[in-house]
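Asks: Next up is a structure, given as structure tokens.
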Amino acid sequence: MSRIEAKKPSLCTNEPLTKERVSFSLSVLSGIVKSCYGPTGRLKQLHNGMGGYVRTTSQSSALLGGLSITHPVLKVLTASVQNHISRFSDCGLFTAILCCSLVENFQRINFAPCTVTKISRHLLSLCTDYLKSEACGCRISVDFDSIKTLLSLVRSILASKPACMLNKTEANHLSTLVLKAFLVTIPHTIETNVLGKCVIVPVKEKRVMDSTVLPGLLIEVPEFQLARTFPVKRVSSSTIKMALFCISLSGDLSNIGEGTVIVHHGISLEVAVLDQLLNLGKQLVNDRVGLVVCQKVIHPSLKQYLKEHHVITIDRIGVSMMEPLSQMTGSQPIAALHSVSPACYGSLKDLSTESFVSKHFLHLIPNDTLVCSLILCNRNEMAWDELKLACQTAEHVLQLTIKQPLALLGGGCTETHLASYIRHKSFTLPTSVLKAIDCSRTQYQLVADAFCHSLECVACCLEHDDGEILTDMVYGHFWSVQSGFPSDCNWSDLVLKCGCGIYNNQQNLNWTVLRSQCIPFTPQICSNEPSINSTDDLVLDCFTAKCSGLQVAVETANLILDLSYIVEDQN
């Protein structure tokens, strides 16, 4: 068939970063992510021109997922950040801000992209080697025998999401619940190397302080079904046998697959399938099953038959509940209507009912659980959506921390400390290293300065009210002073605590305005471990997520700087 319109030639754009459209778009994206950063970040409303659901958020996963990105350069940047978020859940805004800042600062020095790439990769290796070394002054060990550091890690995540609308008491309460739920999922024996599951149960328009953690699973059921649930058939006083089906028990033919069904004359297909379902019901009754759970639909006749024999039925639970149910009860999902093996059955300790606001649940209580339910409450739907995402992030961060029990100092202190370290290293770099990179000392220091400015830019984004940003000349930490301070005051009279909360104005530190001209120095490490452990409201970041975000930001910035042409299909 011939084309109605002539095929348009592809659009080829050379040196895309020099184009005003790209620079403007990158600046807009940079402004959006910077303004969202930190506990006092500004919220964004996401909606389309056709109306519909409006999302209020400052979280990177929701923000980048809701933005309509059209330019190829920005698509590369956002795709890299979103891939990082999908793997680590945390530090998405950090990654996006650092990447934008690196691109902007590297462009200003106007070096060949290959030179910038070689030097920035070396700077990245200096950062990662330092962060992973025992001499690192911006990381701490996480002791799972003490919950204080773990609580600080969770609280830092929840407190950095202003759209959750949590006060300090609520943030502390939820941090305790998230940590409690996570600890439940850790196996008690070393033979079990798989973490359990925490299922979040939504309860909206209820006080945050009503949130709680229950062992086992809650399955929502209609109130009328709950009233006629009990008694239940039991194997013993403390054991209820359970069957879990992953196929439809409605009597339809949707699960038989492709092919031809041969039906003999005079045979009713519907009656034959129902007879098969009832035979299945008889086997379940004979096997003393007390609870039948189905991912899809159970036929009303089978429900009635099982009810008459004191077997509880729950259907339409969905695919998301199948894995935690199987893990909690030991049952294997059954995918056949005949010859069900008794080995597929699982067991429960007990069943009870729970009610929250207008919702009613059947509470499945296990014998020995690695599965729990977090009843998550918040004032409204918007705040609840943000809180759910924040709790899921916190849970993922705790899982990452089990694998690598380290945390980085938060509140901008890691960024400013790392910038001080890199700035000092760039001035003391051996000549042999410069020859290996094939650059001059001036080139290296200019790129290193742009790199450090980018790290400091991330820290500065934590201040949204025109306050002054300081750093100390001993530890290289981040300090903030509120706007409107008297000009004749000493910095020691204005600062309270550093960003992470370890140091206060009682220490004899020498403060200076961040990014002002100063002599490079080697930032010291905190040698007083008890002072870290005794600090209340310590602000921490996930070590694994932030290290990955640093690497993604640098590599993506290098990729964008190296783009020479963009070829777009116009058809």
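The values are calculated or read from the model by the stated rules, or taken from the named source; none is laboratory data. Worth saying up front: this structure is predicted, and the values here are computed from it rather than measured. We place every Cβ from the backbone using ideal geometry, glycine too, and count neighbours over all the protein chains shown. In case anyone asks, the SASA skips ligands and DNA or RNA and just uses the protein heavy atoms, side chains included. Shrake-Rupley method; radii C 1.70, N 1.55, O 1.52, S 1.80 Å.
Asks: Treating cross-link reach as a plain straight distance, find the aspartates and glutamates whose alpha-carbon is under 16 Å from the alpha-carbon of K197, omitting any fewer than eight places away in the same chain.
Replies: Output for K197: E323, D368, E395.
Asks: With charges only on Cβ, +1 for K and R and -1 for D and E, what is the dipole size of region 45-192 about its Cα centre, in debye, rounded to 20?
Replies: 360
Asks: For every other residue with a beta carbon closer than 15 angstrom to the beta carbon of G52, add +1 if it is Lys or Arg and -1 if Asp or Glu, then tell me the sum.
Replies: Spelling it out: positives minus negatives among the neighbours equals -1.
Asks: Show me, for region 52-66, the HN-Hα J-couplings you get by feeding each phi into the Karplus relation (A = 6.51, B = -1.76, C = 1.60, θ = phi - 60°), rounded to Hz, glycine and proline as x.
Replies: For region 52-66, the Karplus curve yields x, 5, 10, 10, 9, 7, 9, 8, 4, 5, 6, 5, 5, x, x Hz.
Asks: Going through region 300-356, which chymotrypsin sites (Phe, Trp or Tyr not before Pro) have at most 10 other Cβ atoms within 10 Å and a DSSP loop state?
Replies: none
Asks: How tilted is helix 543-561 with respect to the longest principal axis of the chain? Cα atoms for both, answer in degrees (0 to 90, nearest 10).
Replies: 60
Asks: In whole Hz, with x marking every Gly and Pro, tabulate ³J(HN,Hα) for region 145-158 from phi via Karplus 6.51 cos²θ - 1.76 cosθ + 1.60, θ = phi - 60°.
Replies: So the Karplus estimates, Gly and Pro as x, are 7, 10, 8, 5, 5, 5, 5, 4, 5, 5, 4, 4, 5, 5 Hz.
Asks: Tally the DSSP beta bridges in the chain and give the antiparallel ones as a percent, rounded to 5.
Replies: Percentage antiparallel, nearest 5: 70.
Asks: I've got another one for you. How much accessible area per residue does region 256-396 have, in Å², with a 1.4 Å probe?
Replies: Ligands and nucleic acids excluded, the result is 48 Å² per residue.
Asks: On to the next question. Scan the chain and hand back the longest stretch that contains none of the GluC sites (Glu not before Pro) lying in DSSP loops with at most 11 other Cβ atoms within 10 Å.
Replies: Segment 259-571 is the longest.
Asks: Which of the three applies to region 133-186, rounded, prolate or oblate, going by the alpha-carbon gyration tensor with a ≥ b ≥ c and a/c under 1.5 meaning rounded?
Replies: Note, shape of region 133-186 comes out oblate.
Asks: Are there trypsin sites (Lys or Arg not before Pro) in region 110-202 that DSSP marks as loop and that have at most 16 other Cβ atoms within 10 Å, and which are they?
Replies: K132
Asks: What are the ³J(HN,Hα) values, in whole Hz, obtained from phi via the Karplus relation 6.51 cos²θ - 1.76 cosθ + 1.60 with θ = phi - 60°, for each residue of region 74-89 in sequence order, with x given for Gly and Pro?
Replies: Karplus-based 3J(HN,Hα) across region 74-89 equals 5, 5, 4, 5, 5, 5, 5, 5, 5, 5, 4, 5, 5, 8, 10, 6 Hz.
Asks: For N378, list long-range residues whose amide hydrogen, built 1.01 Å from N in the peptide plane, is under 5 Å from its own amide hydrogen.
Replies: V203, E205, K206
Asks: Could you pull the Rg and Dmax for the chain, using just the Cα atoms, both in Å?
Replies: 29.3, 102
Asks: Roughly what angle does helix 441-460 make with the longest principal axis of the chain, taking Cα atoms, 0 to 90 degrees, to the nearest 10?
Replies: It works out to around 50 degrees.
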